[in-house]
Amino acid sequence: MDEKALGEESGIVLVDNGSLNPQSILEARSLASSLSKRLQRSVDSVSIAHSDGVPASELGGLRAQLWISYLEKAVASGIREIFAIPLFIGPGFALKKGKKMGLGHSKATGGPIVRWADPLVSMTDQDSLLTEILAENVFRLLDGSGAEPKVHRVMLVDHGSPFVEVTACRNFAASQLQITLGNRVESVVGCSMERREGKEFDFNEPSLEAALSRAVKDGIEDVIICYLFLFSGRHAGSGGDIDQICLKAGWSPSRNLLKTDLIGLNPKLLDLLEIRLNSIQPKPEFQ
């Protein structure tokens, strides 16, 4: 991106889905703060929904900001352009809603134009930083496991989505991770934490529960859960949905089950976010 594009009448914002888990909101804020220090520019953290339901007392006294509120404040502040970096794996419902909201608000108020970067998994560029992050998280476990190569089956798990293009991003990430890990693991399986009922959503398969059951049938004794999640929350947090699915399927740390760090904890995520910011073209995004 041309440095001139980031003038006094522009803003940079990290946009996530939102959470009712205070830790998730605080982790997103910390990421925005770290990126701000790197860029020497203010970077805000906002959510499409949910996060405003968390009391300010659980967030250091500062209530979470929703995307629509940020847009309204941008108008009042004279901001003319917003450079938005999605903290999403792919183009799911919340991101599409956020883009539609930004465009509608701009048309209705004459307010700032929102220019969007690609999601974290980009099917249109060749950068490999997300793969490096996922691989580093897995290698950290492998190096400490003491196990021989080729014994671990890695399960790259995302939330699961009713949009086939989001699952395609997940599966692309899994295929790239398989190439990077090579013979250090038995295989990499992309799977969904949950899915909607109906054959039209079968593209989400395998579910995490099904993948864990398949591992038992295949005689796999060592499994690594590789999180395609950024922050803690009711899904990827301790005792959350993924932990409960693993326990239901008969897997626990006592049965050679390992879990990676979350993506948001890896310092290379800042490099990826900077790449996404620099990739924004000097034209409005109307998708």
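The values are calculated or read from the model by the stated rules, or taken from the named source; none is laboratory data. Since the model is a prediction, treat every value here as computed from it, not as a measurement. A quick note on method: Cβ atoms are made from the backbone with ideal geometry, for glycine too, and the neighbour counts reach across all protein chains shown. The accessibility values were calculated without ligands, DNA or RNA, using every heavy atom of the protein model including side chains. Shrake-Rupley method; radii C 1.70, N 1.55, O 1.52, S 1.80 Å.
Data for the structure
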{"item": "Tabulated pairs, region 25-37, first closer than 13 Å to GLN65 by Cβ, second among the polar types (S, T, N, Q) and part of a helix (DSSP H, G or I), C-beta under 6 angstrom, 6+ apart or interchain", "result": "ILE25/SER51"}
{"item": "Residues of region 37-63 that turn out to be in a helix (DSSP H, G or I) and open to solvent by less than 30 Å² (accessible area, probe 1.4 Å), as a count", "result": "2"}
{"item": "Failed item in (1) in a loop (DSSP other than H, G, I, E, B); (2) at pLDDT 95 or above; (3) farther than 30 Å from ILE179 by Cα, with PHE83 passing the rest", "result": "(1)"}
{"item": "Check on ILE89, within 25 Å of GLU165 (Cβ to Cβ), in contact with a His (Cβ under 9 Å, 6 or more places away or on another chain), among the aliphatic types (A, V, I, L, M) and part of a loop (DSSP other than H, G, I, E, B)", "result": "yes"}
{"item": "Test: residue in region 172-194 that is in contact (Cβ under 8 Å) with a residue 60 or more places away in the chain, surrounded by 15 or more Cβ atoms within 10 Å (Cβ to Cβ) and assigned to a helix (DSSP H, G or I)", "result": "yes"}
{"item": "Among residues of region 60-71, those that are in contact (Cβ under 8 Å) with a residue 12 or more places away in the chain and over 21 Å from the mean Cα position of the chain (by Cα), counted", "result": "3"}
{"item": "Hits in region 208-241 (condition: without any contact (Cβ under 8 Å) to a residue 60 or more places away in the chain, open to solvent by less than 20 Å² (accessible area, probe 1.4 Å) and of a type in the set (Gly, Ala, Ser))", "result": "ALA211, ALA236, GLY240"}
{"item": "Top-ranked residue of region 244-274 - restricted to ones that are touching a Ser or Thr at 6+ places or on another chain (Cβ under 9 Å), open to solvent by 40 Å² or more (accessible area, probe 1.4 Å) and at pLDDT 90 or above, ranked as farthest from VAL15 (Cα to Cα)", "result": "LEU258"}
{"item": "Region 92-107 residues that are open to solvent by less than 80 Å² (accessible area, probe 1.4 Å), paired with ones that are of a type in the set (D, E, K, R) and assigned to a helix (DSSP H, G or I) (beta carbon under 8 Å, 6 or more apart)", "result": "HIS105/GLU72"}
{"item": "Given (1) within 16 Å of the chain's Cα centre (by Cα); (2) within 24 Å of ASP218 (Cα to Cα); (3) buried (at least 23 other Cβ atoms within 10 Å of the Cβ), number of the condition LEU134 does not satisfy", "result": "(2)"}
{"item": "Tally of residues being among the polar types (S, T, N, Q) and at pLDDT 95 or above across region 18-39", "result": "4"}
